[in-house]
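J.: Right, I'll just put the structure down here and ask away after.
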Amino acid sequence: MTTPPTPNRSADRADRADVVHDRLREAILSAELRPNHRLVEKEIGDWLEVSRTPVREALFRLAQEGLVVQRKGWVVRDHTPAEILEIMEARAGVEAHAAFLAAQRISEPALTRLEELIETTEDHSIPRLQRNELNSVFHDVITEAATNTVVEQLHRRTRINYWNLNQPVVFTPADDEIVNTQHRRLVASLRAGDGETAARVAREHVENTARIIRVTAGLR
């Protein structure tokens, strides 16, 4: 009789911690959990139906990513405008390289998906929150097309909900038009397999958002 394999409890716990990490991270970046929101391990465990151990592991990982801090318990970190601009500086390089790689590797279905997202975001009637979410999906598709796990990890590390500042980041209709134009230029360069142009447009795109944040926060 074959002896059944020993359950790998460490692997199961790691899987649960991954699930908790991903769910909390998405909740923070989507502003479902806002800055200074208190994160109670037991409440999170009840919410996600897991024990406190994977919750604690997930929170420590989120702390390493700069999304939560310990302040008499865990809280969602409230980034200052200056901190967000530092992250944006790093993100410009990550987005540029992701676009460079994607230009050589992107599939036709992914290109079609990007074009569909552009069409949707150009509809001025959709709410700002939905527009922001679609923008995140747009850049996720490009990063996934780069097929580089390190770049994907850096992309996740530099993703931040900069719309969640104490002073809301305001995109004017003119800003939206610039974003739409840059998205179309980026997809055109990806479709042409032009990595250099794709990287340049991706960098300009992130730097444009950083400019808007500076204006909102009164930074120079």
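J.: Measuring from label point to label point, each 7 Å out along Cα→Cβ, what is the SER51 to GLN70 span in nm?
T.: For the pair SER51/GLN70, the computed spacing is 2.0 nm.
J.: If you average the sequence gap of Cα pairs under 8 Å that are 6 or more apart and divide by the length of the stretch 11-66, what percent do you get for the contact order? Please list the in-between numbers first.
T.: Numbers: 31 pairs, mean separation 27.6, N = 56.
For the stretch 11-66, the relative contact order is 49 percent.
J.: Ordering ASP78, ASP15 by accessible area with a probe of 1.4 Å, largest first, what comes out? Display every interim value, and only then the final one.
T.: Working: ASP78 45, ASP15 90 Å².
Greatest to least solvent exposure: ASP15, ASP78.
J.: Here is a follow-up. Normalising by the residue count of the chain, find the relative contact order in percent from Cα pairs under 8 Å and 6+ residues apart. It would help to have the intermediate numbers written out before the result.
T.: Numbers: 236 pairs, mean separation 56.5, N = 220.
Here the relative contact order equals 26 percent.
J.: Ignoring any ligand, DNA or RNA, what whole percent of the accessible area of the stretch 119-220 comes from carbon and sulfur when the probe is 1.4 angstrom?
T.: 53 percent
J.: Using just the alpha carbons, could you tell me how many Å³ per residue the convex hull of the stretch 175-220 encloses? Could the numbers behind the result be given before it?
T.: Working: hull volume 2.2 nm³, N = 46.
Enclosed volume per residue, from the Cα hull, is 48 Å³.
J.: Seen from all sides and averaged, what is the projected area of the convex hull of the Cα atoms in the stretch 43-118, in nm²?
T.: Details: hull surface 33.3 nm².
Over all viewing directions, the stretch 43-118 projects a mean Cα-hull area of 8.3 nm².
J.: If each Cα of the stretch 92-179 is one equal point scatterer, what is log10 of I(q)/I(0) from the Debye formula at q = 0.15, 0.25 Å⁻¹?
T.: -0.63, -1.29
J.: Still on this structure, I have one more. Within the set of other residues whose C-beta is less than 11 Å from the C-beta of ASP194, count the net charge using Lys and Arg as +1 and Asp and Glu as -1. Working shown, then result.
T.: Numbers: positive: ARG185, ARG191, ARG200; negative: GLU196.
Neighbour charge sum, excluding ASP194 itself: +2.
J.: So, taking all protein chains as they sit and a 1.4 Å probe, how much accessible area belongs to HIS205, in Å² rounded to tens?
T.: Number for this one is 10 Å².
J.: Divide the volume of the convex hull of the Cα atoms of the chain by its number of residues and quote the answer in cubic angstrom per residue. The partial results should precede the final answer.
T.: Working: hull volume 34.4 nm³, N = 220.
Once divided by residue count, the hull of the chain is 156 Å³.
J.: Return the FRET efficiency for the residue pair SER125, ARG211: r is the Cβ-Cβ distance, R0 is 30 Å, and the value is rounded to the nearest 0.05. All intermediate terms of the calculation are to be shown ahead of the outcome.
T.: On the way: r = 26 Å, r/R0 = 0.87.
For SER125 and ARG211, the calculated efficiency is 0.70.
J.: Further, regarding this structure: Which cross-chain or sequence-distant (5 or more) residues have an amide H under 5 Å from the amide H of LEU39, H modelled 1.01 Å from N in plane?
T.: TRP74, VAL75, VAL76
The values are calculated or read from the model by the stated rules, or taken from the named source; none is laboratory data. Keep in mind it's a predicted model, so treat the numbers as computed, not measured. All Cβ positions, even for glycine, are placed from backbone atoms using ideal geometry, and neighbour counts span all protein chains on display. Side chains included, ligands, DNA and RNA excluded: accessible areas come from the protein's heavy atoms. Shrake-Rupley method; radii C 1.70, N 1.55, O 1.52, S 1.80 Å.
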